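In what follows, a single structure is set out as structure tokens and then discussed.
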6 protein chains.
Amino acid sequence: MKATVYRKEHFNSAHRLNNPLWTEEKNKEVFGKCNNQNFHGHNYELIVRVTGDIDQDTGYVIDMKILSDIIKVNVLDRFDHKNLNLDTEEFLNLNPTAENIAMVIWNILRQKIEVGYELKIFLYETERNYVEYPHA
Amino acid sequence: MKATVYRKEHFNSAHRLNNPLWTEEKNKEVFGKCNNQNFHGHNYELIVRVTGDIDQDTGYVIDMKILSDIIKVNVLDRFDHKNLNLDTEEFLNLNPTAENIAMVIWNILRQKIEVGYELKIFLYETERNYVEYPHA
Amino acid sequence: MKATVYRKEHFNSAHRLNNPLWTEEKNKEVFGKCNNQNFHGHNYELIVRVTGDIDQDTGYVIDMKILSDIIKVNVLDRFDHKNLNLDTEEFLNLNPTAENIAMVIWNILRQKIEVGYELKIFLYETERNYVEYPHA
Amino acid sequence: MKATVYRKEHFNSAHRLNNPLWTEEKNKEVFGKCNNQNFHGHNYELIVRVTGDIDQDTGYVIDMKILSDIIKVNVLDRFDHKNLNLDTEEFLNLNPTAENIAMVIWNILRQKIEVGYELKIFLYETERNYVEYPHA
Amino acid sequence: MKATVYRKEHFNSAHRLNNPLWTEEKNKEVFGKCNNQNFHGHNYELIVRVTGDIDQDTGYVIDMKILSDIIKVNVLDRFDHKNLNLDTEEFLNLNPTAENIAMVIWNILRQKIEVGYELKIFLYETERNYVEYPHA
Amino acid sequence: MKATVYRKEHFNSAHRLNNPLWTEEKNKEVFGKCNNQNFHGHNYELIVRVTGDIDQDTGYVIDMKILSDIIKVNVLDRFDHKNLNLDTEEFLNLNPTAENIAMVIWNILRQKIEVGYELKIFLYETERNYVEYPHA
């Protein structure tokens, strides 16, 4: 018997959208206010979705405390109260759009969650804009 | 690399559920309070889901400001603060249930969003009743 | 020992803002989209606040099932799935703004809730616009 | 034309996680605070998802009042304001984790909803922990 | 310069409403499903409101981490994942209604938060039923 | 007849908590992660509360479109997608805590909203931490 479980966490970060290969004008035109050179920020809501068998002994797909700890150590400690552009290796050469942040988080967690589980990331940049990786 | 993005918008409309081929009694029996001849209304929450490649230059699946503008011009300007039964062409001969409104919005947006993108509509009629089109 | 309790309910109505003493132009100028002659609508969220002594036998300020029934019979049955302008006596000669709807609901419930209780109404027209009556 | 509809309901229950084949120590180690022998409880949010054809006469996939009544009679009346471990047959020999509760609800509703409809259950134990059955 | 700050926490508990001086019939009549002898439970949302001067050196009314720790040690550790009727001293002889729980929490925190601060408790038993103590 | 109206808006900003008169160690000790020198950020939810007479001609305390425009021009255009510490005059010499941001917004709006109206600001830094100015 398989089921899917979801764990919601959050982190608060500063970021800026910018393509260093483009002119300043092109960056302003494409990224608008999100290109502000001194950064802006978000309360990111992160939902980690894990699919697997329901364990007969526990009734769990995965222990949510363990899942929460994996997220905390590998994602929140890395990105919470940080500047994604300046304080992290992951976005030194990658534009920290919601799409890319979700992809980076998936890549990080995929190494930490047993391969038998299917994994998906939902990331809310605001209540009105959010992303899913891998795609639906 | 593909990802899926979601954009949430809202509009406020009046509507009434009614099948003109049925008797008044049959309509009352099936649609209950929703058949009230003087209409009632809702704050509709609309979520537009778009799946596509993450653009290497922007880190975007689609520019959310552009997506939001497409929704505004083609959906909100058409349905917001309107009576769906009386003020719109789309529901002259179609019962404005949440299912049908979602289908109509999908048909409208499908013409406006490049064919390479997959498109899905979620529409909340209330916090407790909502629909997805095309089906899950 | 006094405490304050809150009960949240909702109703869905059509309405239109209009001042019959004004010209059509003036009404459009002041009420904009809300003046649409064929109505629009909302999911109204209603919060009824009651302050009183904590009863020593029950531990209740007021029985929430009784409070909920009072609201249902006197407010929801009157306004839910109705057109406020056409289907109700209360708004025949009163513009159904959120302020006025809250005042009308307070006047109705004030007759039905014992005078020893303090009463206040919060009414959400949308998630972003709401009112409190009597004033804070 | 197929669409998918969602109906949200809720119930409040007490429960305790425990595996009777394990020692008390093992249960405490695995289930932590959730093993508390005198129980704790939750406001469970239940979302029932139904996929099917949009009926040409009604514009409905399924009448939401009928769906809501089916959930009320078969799920809420059984589990609301109950102790899942002590008051229900379903969890006499099954650990009432969110995964198992969702599976039990799916099994109950699958008997009550016509076979032509696809059925899925989402169950929120808290705002941060929720499950989907069958799996995504 | 005074301001007011709010901190939201939550805990999950089982409880039962019952007046031991009453007959079983009277208890069932007054408390209905909440009287179930095997308990039910809730996700309680707790909001602690503190009013005081904005400190000129920090810009804080109170350090929210310190406030959160005070709530954790004195309230959550006492009530989270507990049976309020069986596992706590506070409700051995006090009916654990939302009103009484809020009063008990206020009495506990009033001892732990400096007297110069004004203190108020909001407690959500469900999304639709909540209380404020002391009264508004 | 007086009533109170609320308008909810939001803005996304980067900030850092720091007292320039203190040592680096003292700042780290007091402000913790919020002292990160490269900033972090938030989705700020702003609620502006206005109390006044219900106008007999409109049924409004204040036109919500006008109130929303005042907030947009004077607050959102100033703080949205900005770094509060680097991009604004208001926080050059003032620590951008939620308390101080709320006070600054109140001071700005107090100049723009007629003196006959009472004004209050609620500011959510996160879903769990928020402030009210002037104090409750």
Evaluation of B:Ile47 against (1) farther than 30 Å from A:Leu94 by Cβ; (2) more than 7 Å from every other protein chain (Cβ to nearest Cβ) (one fails), failing number: (1)
Meets criteria (outside any strand (DSSP E or B) and touching a His at 6+ places or on another chain (Cβ under 6 Å)) for E:Lys33: yes
Output for the stretch C:52-66, where each listed residue is among the β-branched types (Val, Ile, Thr) and facing chain E (nearest Cβ under 8 Å): C:Ile54, C:Thr58, C:Val61
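Matching residues to (1) touching a helix residue (DSSP H, G or I) at 6+ places or on another chain (Cβ under 6 Å); (2) β-branched (Val, Ile, Thr); (3) modelled with pLDDT of 95 or more:
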site	(1), (2), (3)
F:Ile62	no, yes, yes
F:Lys65	no, no, yes
F:His81	yes, no, yes
F:Asn85	no, no, yes
F:Phe91	yes, no, yes
F:Glu99	no, no, yes
F:Met103	no, no, yes
Cross-chain or 6+ apart pairs with Cβ under 6 Å, the stretch A:108-136 first and without any contact (Cβ under 8 Å) to a residue 24 or more places away in the chain and more than 8 Å from every other protein chain (Cβ to nearest Cβ), then of a type outside the set (Asp, Glu) and open to solvent by less than 40 Å² (accessible area, probe 1.4 Å): A:Arg110/A:Leu119
F:Lys8 vs. criteria open to solvent by 20 Å² or more (accessible area, probe 1.4 Å), part of a strand (DSSP E or B) and more than 9 Å from chain A (Cβ to nearest Cβ): yes
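Okay, residues lined up against (1) within 14 Å of chain E (Cβ to nearest Cβ); (2) more than 13 Å from the chain's Cα centre (by Cα):
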{"site": "D:Gly32", "(1), (2)": "yes, yes"}
{"site": "D:Val73", "(1), (2)": "no, yes"}
{"site": "D:His81", "(1), (2)": "yes, yes"}
{"site": "D:Val104", "(1), (2)": "no, no"}
Checklist (1) over 30 Å from A:Pro134 (Cα atoms); (2) in contact with a His (Cβ under 6 Å, 6 or more places away or on another chain) applied to D:Glu125, failing item: (1)
Residue identified as surrounded by fewer than 18 Cβ atoms within 10 Å (Cβ to Cβ), within 14 Å of chain B (Cβ to nearest Cβ) and assigned to a helix (DSSP H, G or I) among C:Asp69, C:Asp77: C:Asp77
Counted residues, the stretch F:11-26 - those being within 14 Å of chain A (Cβ to nearest Cβ), out of contact with any Gly (no Cβ under 9 Å at 6 or more places or on another chain) and either charged (D, E, K, R) or open to solvent by less than 10 Å² (accessible area, probe 1.4 Å) (or both): 2
Enumeration of residues in the stretch E:112-136 that are open to solvent by less than 20 Å² (accessible area, probe 1.4 Å), within 17 Å of E:Ala98 (Cα to Cα) and among the aliphatic types (A, V, I, L, M): E:Ile121, E:Leu123, E:Val131
Members of the stretch F:5-32 that are β-branched (Val, Ile, Thr) and touching a residue at least 60 places away in the same chain (Cβ under 8 Å): F:Val5
Members of the stretch A:80-136 that are within 23 Å of B:Ile71 (Cβ to Cβ) and charged (D, E, K, R): A:Glu99, A:Glu125, A:Glu127, A:Arg128, A:Glu132
Scope the stretch B:86-97; condition open to solvent by 10 Å² or more (accessible area, probe 1.4 Å) and within 12 Å of chain D (Cβ to nearest Cβ); matching residues: B:Asn93, B:Leu94, B:Asn95
Total residues in the stretch A:34-59, condition open to solvent by 20 Å² or more (accessible area, probe 1.4 Å) and either touching a residue at least 24 places away in the same chain (Cβ under 8 Å) or of a type in the set (D, E, K, R) (or both): 7
Total residues in the stretch C:28-46, condition in contact with a strand residue (DSSP E or B) (Cβ under 6 Å, 6 or more places away or on another chain) and not hydroxyl-bearing (Ser, Thr, Tyr): 8
Checklist (1) within 19 Å of F:Leu86 (Cα to Cα); (2) part of a strand (DSSP E or B) applied to F:Val50, failing item: (1)
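The values are calculated or read from the model by the stated rules, or taken from the named source; none is laboratory data. Source: prediction; values computed, not measured. Don't worry about glycine lacking a Cβ; one is built from the backbone with ideal geometry, like all the others, and counts go over all protein chains shown. Areas reflect the complete protein model, heavy atoms only, side chains present, ligands, DNA and RNA absent. Shrake-Rupley method; radii C 1.70, N 1.55, O 1.52, S 1.80 Å.
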